[in-house]
Amino acid sequence: MTRLNFTIDKSAHGSRARAARFTTLHSEVITPVFMPVGTRATVKGMTVESLVENGSQVLLANTYHLLLRPGPEVFKKIGGIHRFMNWKGSVLTDSGGFQIFSLPHSREMTEDGARFTSYVDGKTFMLTPELSIEMQKAIGSDIMMVLDQCINSTSGYDEAKAAMELTHRWALRSLAARGDSKQAMFGIVQGACHPELRQQSAEFLRAQPFDGLAIGGLAVGETHSERYDFTELVTGYLPENLPRYLMGVGTPIDILEAVHRGVDMFDCIIPSQLAHRGVVFTSHGKLQFRRTVYRFSEEPIDAECDCYACKNYSRAYVHHLVKAEEPLAWRLLTCHNIRFYHQLMARIRDAIMHDRFVEFYEKMRHELVRHDGDNPQNPPKRRTANPPTLGDYEIVKFAQGFSSIRQRSSGEIMHSVNKPAEEAEKLYVEQSHLAERLLKTPGNDSELIVWDVGLGAATNAMAAVHCFEKTLAEHGSEKMRSMRLISFECDLDPLTLACRDNANFHYLRHGAPHHILRSGQWQHHSKLLLWELIKGDFLELFDKSPAPDLIYYDPFSAKTDSALWTSEAFTRLFKSCGGRSVELYTYSAATAVRVAMLRAGFFVAEGMATGPKSATTVAFNQASGAGEHPEKPNLLDERWLERWRRSGSRFPPDISQHEKDQITQVIEQHPQFKTA
């Protein structure tokens, strides 16, 4: 039994998200929980009463700053930080490790500790693990953090390994220094952006008698994608029966992504820091109150918020305060931001408790990245710039509010008509009824194999991943078939480029595509989904892969990737299906493509319309395929055949009359038309 008596109330299906609770020396804490940062025993711009009113449960104070001022003597005389600041909730104290990291020119690291110069009076201090814990005991916090060595997350392997090992030695010294104190203590996982070091650190610390474990060394140089990846990696090695704390993170979207990956506790200075700049988070997105668009607005900051600022003041008044640089602006906006964070945590918990977290996550991961720059009224002026590029690819932004990837040499755009994620969902996932196929049926609980031909920016693959996660959340693992998603691609530049700009490619805000780029493989934590990348020429590699059930066929057009649209290619593809019943879905409805499929032996049907396309194409390798499909798509019939006969371009160019006769004979005698 730990000092916190941590219990999990509910775990989300299809996610590592969990709702829990624990009891400290001063209060019960309900998770997920955001802890406002009260570095010097105060949250900037907030009174204790306003923190309580807004729903704060735990405050974070900093050992380093409180050691320098007011010093341990004050806390010992008054009786701890709770009485000192009149706070009746819980307090977590950071050890000072991050502050030492942020002072590289005024400190010296040794095995004993960190020697640094006080910014208060210029005196030299040696902050050791023992002194840090002694100070935290004097403060009287409910949760103490071990002293750790924090380094840039992008540091090299040797530097990261040395810092991790020093952190481990200091962790053991911190535990020894705690003695029989009733205060809880968390260890801190380090290892920068090196997976094997993160695993080593987590496994070492989980073997020690800590009351919780924190993930440190993130939000200090890595990308958003790397942060999500390493959060997911570390939580996979942390014990289920202890709270997990992601230190110094972050924005609302960062918190949502981390909860999805199994984190319970968060802190960050962002709510007050951005408030000082006139920025707030709202149900309408992030708003910048320096913008003149709010000068005459009589609306509240956020009509869906019940904080003091939203109930009493208009946007016009807040805009005036911000422009006039009045301190009241900082206070009102901080009040709102902290309330927004606490409301977000409550909504996340409610979604977990009611088994709808994945649905909530999919909705909020888009809403939380909106901002008032998306407002068509008086948008902020922006300098035009060359689009981001990588190799032969560039990002194209459309006026309709979405972005896609364009191949510069051919000019072709991946998903150029509709929002890429929506088109992939409709054309491939919905049309193939993937969600239904993922569920076990009598006599059919074998692995479902999906080929994703033309990974591109992973739009179709991620639509399949999201469908799997949603289905798992709704039905549970017992009712699910396992799924193997195999993506074929010869050039990873489109995905790499899109991952660098996942603010505009929202569907990539997930750990999976970054694992694919890094190692060519990703497995869902349920072990029911394995996504693999086969890099190289599809025509040279596909016959070495297990036969598919579904094929999402999405290479560039026949003009650019001509070899992938020939009769020879489809014939080889048809033969690779073996005895399985296979369905192929593609965006192309070109006559030449359909003829190539028919010549190969496929039964070809009209697919659904998407955007300006009146039809797409669905192909089956068995005559019964269309009839067994849930939507029973219409096979091409005599009317199509008649149009083909009249077509002036029904044959590939530059072929002999003998070859034309052969093609005509194959098409005319195809069982599909004989049946018709």
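What about E257, is it without any contact (Cβ under 8 Å) to a residue 24 or more places away in the chain and at negative phi?
On the way: without any contact (Cβ under 8 Å) to a residue 24 or more places away in the chain: no; at negative phi: yes.
Spelling it out, it is not the case that E257 is without any contact (Cβ under 8 Å) to a residue 24 or more places away in the chain and at negative phi.
Is there a residue being part of a loop (DSSP other than H, G, I, E, B) and assigned by TED's automatic domain parsing to the domain that holds T63 anywhere in the range 157-178? Walk me through it before giving the result.
The initial filter retains those residues of the range 157-178 that are part of a loop (DSSP other than H, G, I, E, B), namely none.
There is no residue in the range 157-178 that is part of a loop (DSSP other than H, G, I, E, B) and assigned by TED's automatic domain parsing to the domain that holds T63.
Only residues that are assigned to a loop (DSSP other than H, G, I, E, B) and over 25 Å from Q57 (Cα atoms): list them for the range 260-301, please.
Taking the range 260-301 and keeping what is assigned to a loop (DSSP other than H, G, I, E, B), we get 261-264, 269, 277-278, 283-284, 289-291, 295-299, 301.
R277, G278, H284, F289, R290, R291, R295, F296, S297, E298, E299 - these are the residues of the range 260-301 that are assigned to a loop (DSSP other than H, G, I, E, B) and over 25 Å from Q57 (Cα atoms).
Does S487 count as touching a strand residue (DSSP E or B) at 6+ places or on another chain (Cβ under 6 Å) and either surrounded by 16 or more Cβ atoms within 10 Å (Cβ to Cβ) or modelled with pLDDT under 95 (or both)?
Numbers: touching a strand residue (DSSP E or B) at 6+ places or on another chain (Cβ under 6 Å): yes; either surrounded by 16 or more Cβ atoms within 10 Å (Cβ to Cβ) or modelled with pLDDT under 95 (or both): yes.
So S487 fits the description; yes.
Residues being surrounded by 16 or more Cβ atoms within 10 Å (Cβ to Cβ) and assigned to a helix (DSSP H, G or I): count how many of those fall in the range 302-319. Spell out how you get there, then give the answer.
Applying the first criterion (surrounded by 16 or more Cβ atoms within 10 Å (Cβ to Cβ)) to the range 302-319 yields 302, 305, 307-310, 313-315, 317-319.
Next cut, assigned to a helix (DSSP H, G or I) only: 308-310, 315, 317-319.
Looking only at that region, the number is 7.
Residues V33, V52, V48: which one is crowded, with 22+ Cβ neighbours inside 10 Å and either at pLDDT 95 or above or of a type outside the set (D, E) (or both)? I'd like the intermediate steps shown before the answer.
Working: V52 fails: crowded, with 22+ Cβ neighbours inside 10 Å; V48 fails: crowded, with 22+ Cβ neighbours inside 10 Å.
From the options V33, V52, V48, the qualifying one is V33.
When the residues of the range 446-484 are narrowed to those that are of a type in the set (D, E) and at pLDDT 95 or above, which ends up surrounded by the most Cβ atoms within 10 Å (Cβ to Cβ)? Steps first, please.
Restricting attention to the range 446-484, the residues satisfying the condition of being of a type in the set (D, E) are 447, 452, 469, 474, 478.
The next check asks that each one be at pLDDT 95 or above; those that pass are 447, 452.
Numbers: E447: 12, D452: 30.
Top of the filtered list is D452.
Do we find a residue being at pLDDT below 95 and in contact with a helix residue (DSSP H, G or I) (Cβ under 6 Å, 6 or more places away or on another chain) anywhere in the range 116-138?
Within the range 116-138, one or more residues are at pLDDT below 95 and in contact with a helix residue (DSSP H, G or I) (Cβ under 6 Å, 6 or more places away or on another chain).
Listed here are the residues, each with its yes/no results for (1) in contact with a Gly (Cβ under 6 Å, 6 or more places away or on another chain); (2) in the same structural domain as P129 (by TED's automatic domain parsing); (3) assigned to a helix (DSSP H, G or I).
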{"residue": "P36", "(1), (2), (3)": "no, yes, no"}
{"residue": "M46", "(1), (2), (3)": "no, yes, no"}
{"residue": "L51", "(1), (2), (3)": "no, yes, yes"}
{"residue": "A61", "(1), (2), (3)": "yes, yes, no"}
{"residue": "K76", "(1), (2), (3)": "no, yes, yes"}
{"residue": "R83", "(1), (2), (3)": "no, yes, yes"}
{"residue": "W87", "(1), (2), (3)": "no, yes, no"}
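Which one of S446, S432 is free of Cβ contacts under 8 Å to residues at least 40 places away in the same chain and either assigned to a loop (DSSP other than H, G, I, E, B) or not assigned by TED's automatic domain parsing to the domain that holds Q521 (or both)?
Values: S432 fails: free of Cβ contacts under 8 Å to residues at least 40 places away in the same chain.
Of the residues listed, the single one that is free of Cβ contacts under 8 Å to residues at least 40 places away in the same chain and either assigned to a loop (DSSP other than H, G, I, E, B) or not assigned by TED's automatic domain parsing to the domain that holds Q521 (or both) is S446.
Would you check if there is a residue in the range 195-206 being assigned to a loop (DSSP other than H, G, I, E, B) and among the small types (G, A, S)? Write out each step before concluding.
So the first thing to find is which residues in the range 195-206 are assigned to a loop (DSSP other than H, G, I, E, B), and the list is none.
No, because not a single residue in the range 195-206 is assigned to a loop (DSSP other than H, G, I, E, B) and among the small types (G, A, S).
Would you check if there is a residue in the range 243-256 being part of a loop (DSSP other than H, G, I, E, B), out of contact with any strand residue (DSSP E or B) (no Cβ under 8 Å at 6 or more places or on another chain), crowded, with 22+ Cβ neighbours inside 10 Å and not assigned by TED's automatic domain parsing to the domain that holds T334?
Looking through the range 243-256, none of the residues is part of a loop (DSSP other than H, G, I, E, B), out of contact with any strand residue (DSSP E or B) (no Cβ under 8 Å at 6 or more places or on another chain), crowded, with 22+ Cβ neighbours inside 10 Å and not assigned by TED's automatic domain parsing to the domain that holds T334.
The values are calculated or read from the model by the stated rules, or taken from the named source; none is laboratory data. Computed from a predicted model, the values in this text were never measured in an experiment. Note that each Cβ is placed from the backbone with ideal geometry, even for glycine, and that neighbours are counted across all protein chains shown.
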